[in-house]
1. Only residues that are of a type in the set (A, V, I, L, M, F, W, C) and surrounded by 17 or more Cβ atoms within 10 Å (Cβ to Cβ): list them for the stretch B:265-281, please.
2. Have a look at A:Lys101, A:Lys121 and point out the one that is modelled with pLDDT of 95 or more and away from ligand 1 (no atom under 16 Å from the Cβ).
3. Out of all the residues in the stretch B:271-320, which are under 17 Å from B:Ile366 (Cα atoms) and either in the same structural domain as B:Ile98 (by TED's automatic domain parsing) or of a type in the set (Val, Ile, Thr) (or both)?
4. In the set B:Ala86, B:Ala97, which member is in the same structural domain as B:Cys193 (by TED's automatic domain parsing), among the aliphatic types (A, V, I, L, M) and touching a residue at least 60 places away in the same chain (Cβ under 8 Å)?
5. Just the residues that are open to solvent by 10 Å² or more (accessible area, probe 1.4 Å) and under 30 Å from B:Pro331 (Cα atoms), please, taken from the stretch A:35-82.
6. Looking at the stretch B:81-116 only, could you name the residues that are over 19 Å from the mean Cα position of the chain (by Cα) and surrounded by 17 or more Cβ atoms within 10 Å (Cβ to Cβ)?
7. From the residues in the stretch A:94-105 that are near ligand 2 (Cβ under 10 Å from one of its atoms) and assigned to a helix (DSSP H, G or I), which one is most open to solvent (accessible area, probe 1.4 Å)?
8. Can you name the condition, by its number, that A:Ala24 falls short on among (1) at pLDDT below 95; (2) touching an Asp or Glu at 6+ places or on another chain (Cβ under 9 Å)?
Amino acid sequence: MSLYSEKVMDHFKHPRNVGVIEDADGVGEVGNAKCGDIMKMYIKVENGILTDVKFETFGCGSAIASSSMATEMIKGKPLSEALGLTNKAVAEALDGLPAYKMHCSVLAEQAVQAAILDYYKKNNIPYDEADFKCVLCAHEHDEHGGDDGE
Amino acid sequence: MDIYADHAATTKMCDAALRAYADTAAKFYGNASSLHTAGQRAQEVLSDCRARIARLLGCDARELYFTSGGSESDNQAITSAAHAGAKKGKKKLISTAIEHHAVLHTLKKLEREGFEVVLLPVGEDGIVEVSDVEAAIDENTALVSVMFANNEIGTIQPVAEIGALCKKKGVLFHTDAVQAVGHIPVNIREIGCDYLALSAHKFSGPKGVGVLYARRGAPLSPLIEGGAQEHGKRAGTEDLPAIVAMTVALETSIADMDASEKVLKHLQDRLIAGLSKIEHCALNGDRVRRLPGNTSFCFEGIEGESLLLLLDEKGIEASSGSACTSGSLDPSHVLLAIGRVHDVAHGSLRLTLGPENTEEEVDYLIESVKEVVEYLRNMSPVWRDLKEGRRQYIL
Ligand SMILES: Cc1ncc(COP(=O)(O)O)c(C=O)c1O
Ligand SMILES: [Zn+2]
């Protein structure tokens, strides 16, 4: 299928960092089954560095590929850097996503933020709400459009 | 293995139709509207096709209009009936929640023009109740439109009963028979419909050609203005090669129907039995009153697009009603109409077989679907929640 780039298909077929971290320092779940994509992100943090990241995703090809790519992009990075991850960066790293699939990559950005927020809250670490606007306001990003053909 | 299991989307042209297409294009290149010999020969072929299709469907040749396919036929029938009704002050249009978008979007457009549109629900079995149709019909009703068989879940609607009811009530009746014609017996006289739409590419004919049946005397206005082709109801030089190929494909499908149906029912039984063994899944639509080629399932805890992509990797071409495959935020309106909640409707899979599929292929389908569903469930947070009791199973 040529709907997706080779990069997307690679991450979709061979997702990196799939699974669960049983003793995670932070867990974030975003999306809902109603809209068709759910992402759950697990993180381990040491000295402000993301030493391990794992994910579980219920969703389409681009949701799974975006989760996989997002984990690769933040693993080993400081929290501050991971918080700067945008869905645009994820989509670009995947060599692009179809326009109506951009919202699936938004979930990846939100899942990372949600997991880090969970870590901050659990450890009573003060945080700047501005860093979490994506998960705290839960606003709608790009939406789908169009209809099936057949 | 390479398995095409998406015959409801479209079919491969049969050899006889392909040959007829090429032969006609080579030999009958004239414009059927021209007075010269080449034109008249094309006109003869055109009339011959119309007569042959009329015999197969049980109507008069004069009542058949060649169109560009199912969508156009649906659009023209519904729009014609609605506008004729409006002239008599009848502005109510009755249909069902599971129609194809060719019907639903036409109705939406008419609704914006001021028509009242009533979409009847269907039961969990995916079948509309004749008594609901009867209750909805009133003196303001211009048209009832109910599909013959559904494209997603394959359920067959009680169109003959609805046809009789509409006749009794004096209301026009249209049926979208795109998924039925060539697959199960369709006889216009027995249905008693005023309009019927069919499309060649669903029964091994070419894409972009179809037929609209409009009963003699039923209102019909052109969608496309221009020349006087098709009794002045559909302008545009006829695509003769496509029309001949469609005619041949229809004759072939109908001649082979009994044999195909036997093969398909056997494959369907095997496929449904095999897939039913996967835990927490359900067949969509009535088990018996369905097209012999259609098998539609929902699998809990997974999403349909990723299922399709992984099946494609295994050489299996199928379809799904998940939001992410339709390009809209909601999963298929048909699955929602039969009561599948969003969470479950996203995990749908439609396998539509043709008579050339084999038992061996069905076994491979079952094994592959099992494998892929299990793989996706293992990475699904929804499945984990279900398994660990944080979420209730629906299926
Ligand atoms: C039930 C139904 N109606 C209408 C159509 C539209 O037909 P066409 O593709 O020929 O426009 C289809 C499929 O495409 C269909 O399955
Ligand atoms: Zn998606």
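1. The first filter runs over the stretch B:265-281 and keeps only residues of a type in the set (A, V, I, L, M, F, W, C), leaving B:267, B:271-273, B:275, B:278, B:281.
Residues satisfying the conditions are B:Leu267, B:Leu271, B:Ile272, B:Leu275, B:Cys281.
2. On the way: A:Lys101 fails: modelled with pLDDT of 95 or more.
Only one candidate qualifies: A:Lys121.
3. Scanning the stretch B:271-320 gives B:Ile272, B:Ile278, B:Thr295, B:Ile302, B:Ile316.
4. Values: B:Ala86 fails: touching a residue at least 60 places away in the same chain (Cβ under 8 Å).
Going through B:Ala86, B:Ala97 in turn, just one is in the same structural domain as B:Cys193 (by TED's automatic domain parsing), among the aliphatic types (A, V, I, L, M) and touching a residue at least 60 places away in the same chain (Cβ under 8 Å): B:Ala97.
5. A:Cys35, A:Lys40, A:Tyr42, A:Lys54, A:Met69
6. Passing the criteria: B:Ala81, B:Ala82, B:Ala84, B:Gly85, B:Lys90, B:Lys91, B:Lys92, B:Leu93, B:Leu110, B:Phe115.
7. Going through the qualifying residues, I end up with A:Tyr100.
8. Here A:Ala24 clears every test but (1).
The values are calculated or read from the model by the stated rules, or taken from the named source; none is laboratory data. What you see is a predicted model, and the numbers here were worked out from it, not measured in a lab. For neighbour counting, all protein chains shown are included, and Cβ atoms are generated from backbone atoms with ideal geometry for every residue, glycine included. Accessible surface areas use protein heavy atoms only, side chains included; no ligands, DNA or RNA. Shrake-Rupley method; radii C 1.70, N 1.55, O 1.52, S 1.80 Å.
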